[in-house]
Amino acid sequence: MRIAVVGATGLVGEVLLGLLPESRFADAEIVALASADSAGKRIPYANGELTVSELVSDSFAGVELAFFAIGDELSERFVPQALDAGAQVVDKSNAFRLSEGVPLMVPGVNDDALGDAKLAANPNCTTIGFVHAIAPLMRFGIEEVVAATYQAISGAGRDAVSGFWEQAAQALQDEPDAYSIAAADALRTVPAVDDLVGDEHKEETKLRLESAKILGLEAERIFATAVRVPVLVGHCVAVHLRLCDEIDEAKVRDALGESPTLQVLPTGETPTSADAVKHRDRVVVGRIRVRPQQRTVDLFAVADNLHIGAALNGLRIGEMMCG
């Protein structure tokens, strides 16, 4: 089998290449594709190396499955070419997520949505952790969801990580005063992730619309605030749910505990971004607070935004597509 990884030199592509040798695609021929600037670069793969090739129109000859981890404009251009060449495609960009007829997949949550689609979209990294955390509670009916996300620097890509290190080092070297350090660009918490459109930033819109499509909820019942925090890996989300049915903590914990994609912490333990790295293939949930009379649940969930929030989710979609 011939598999293309488009965006092989990016953060998500790098993680995906680390997962493929341990997957059902271990024996596949891997084609590493990236921009012209990366062409010819040697990158590690399994026990050897791959040579990166430039992404061009004829890159998909003989490719049966293509994973895309590049920007929207490039996906819009090259995904149709991969499909025309006969490949099945898993796309991580925002280009096709809300397109009619394109399943937006989170394996373990909405498996039935895939059908026989040749193109499947991989949701936003924050959306993936969020829907894993609340999907088990759909059985109680959801009236309203309020979410505040705390998103790691790596969600913005490799350049953002490099810039963070440089700015943080400069701030710590030049400004030893705690208040000055807190004011440094790299070390601030900023409730403005991506561009502002109307009264919402794009990351907030993505969470609402994507989660609604995946879970079958009304987007108007989901309210989101996205915050960028000075953490390298591990997206976090504080969730407040108002449910339709009567519930108690035992029912909520039982429902969450049935999900194989969740790591539910005992009462009194609080998940942090460090737990996301420790449990990379699960979403870690804790701080579960239930108010039966109000039918509300509060919880805090963390997920490795590069692993289960991106590359692993895409890999699982590819495995489903290939039967």
Binned at 10 Å from 0, what are the whole-percent values of the Cα-Cα distance distribution for segment 127-225, short to long?
14, 36, 26, 17, 7, 0
Find the centroid of the Cα atoms in segment 1-62 and in segment 309-323, then give the distance between the two in whole Å.
16
Spin-label zone in segment 203-222 - amide nitrogen under 19 Å from a point set 7 Å from the Cα of GLN294 along the C-beta vector:
221-222
So, R0 is 25 Å and r is the distance between the beta-carbons of CYS322 and GLU76; what FRET efficiency does that work out to, to 0.05?
0.55
Of LYS92/LYS213; LYS206/LYS251; LYS92/LYS206; LYS92/LYS118; LYS92/LYS202, those spanning more than 23 Å from alpha-carbon to alpha-carbon:
LYS206/LYS251
When the distances between all Cα atoms of segment 273-323 are binned every 5 Å from zero, what whole-number percent does each bin get?
5, 20, 17, 15, 13, 12, 10, 5, 2, 0
Cα pair distances exceeding 24 angstrom across segment 43-172, given as percent
47
Need the full-extension length gain, ASP27 to ASP174, defined as separation in residues times 0.36 nm minus the C-alpha distance. One decimal, nm.
47.9 nm
Residue by residue through segment 244-253, the couplings from Karplus 6.51 cos²θ - 1.76 cosθ + 1.60 with θ = phi - 60°, in Hz, x for Gly and Pro, are 7, 8, 5, 9, 9, 4, 4, 4, 5, 5
List MET105, MET1 from most exposed to least, where exposure is judged by having the fewest other Cβ atoms within 10 Å.
MET1, MET105
Scan around LEU50 for amide H atoms under 5 Å from its own, H built in the peptide plane at 1.01 Å from N, and keep only partners 5 or more places away or cross-chain.
ILE43, TYR45
Hey, can you grab everything whose amide H is under 5 Å from the amide H of HIS235? Only 5+ residues off in sequence or another chain; H modelled, so Pro and N-termini drop out.
ALA152, ALA303, ASN305
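Determine the gain in length on full extension of the stretch ASP245-THR272; use 0.36 nm per residue of separation and subtract their C-alpha separation, reporting nm with one decimal.
Result: 6.7 nm gained on full extension.
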Identify the residues of segment 22-42 with backbone N under 15 Å of a label point that sits 7 angstrom from the Cα of MET1 along the Cα-to-Cβ direction, or state none.
22-31
Want the number for VAL197 to ASP116: 0.36 nm per residue separation, take away the alpha-carbon distance, what's left?
25.7 nm
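Just rank GLU319, GLU258, fewest to most, by other beta-carbon atoms within 10 angstrom.
Numbers: GLU319 15, GLU258 11.
In increasing order of surrounding Cβ atoms, one gets GLU258, GLU319.
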When the Cα centres of segment 130-172 and segment 285-300 are compared, how far apart do they sit, in Å?
20
Alpha-carbon radius of gyration plus Dmax, which is the widest Cα pair, for segment 128-305 in Å:
17.4, 55
Arrange the following residues from fewest to most other Cβ atoms within 10 Å of their Cβ: VAL131, VAL56.
VAL56, VAL131
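FYI, it's all coordinate maths here, none of it is from the lab. The model shown is predicted, which means the values in this text are computed figures rather than measured ones. Counting neighbours? That spans all protein chains shown, and the Cβs are built from the backbone with ideal geometry, glycine included.
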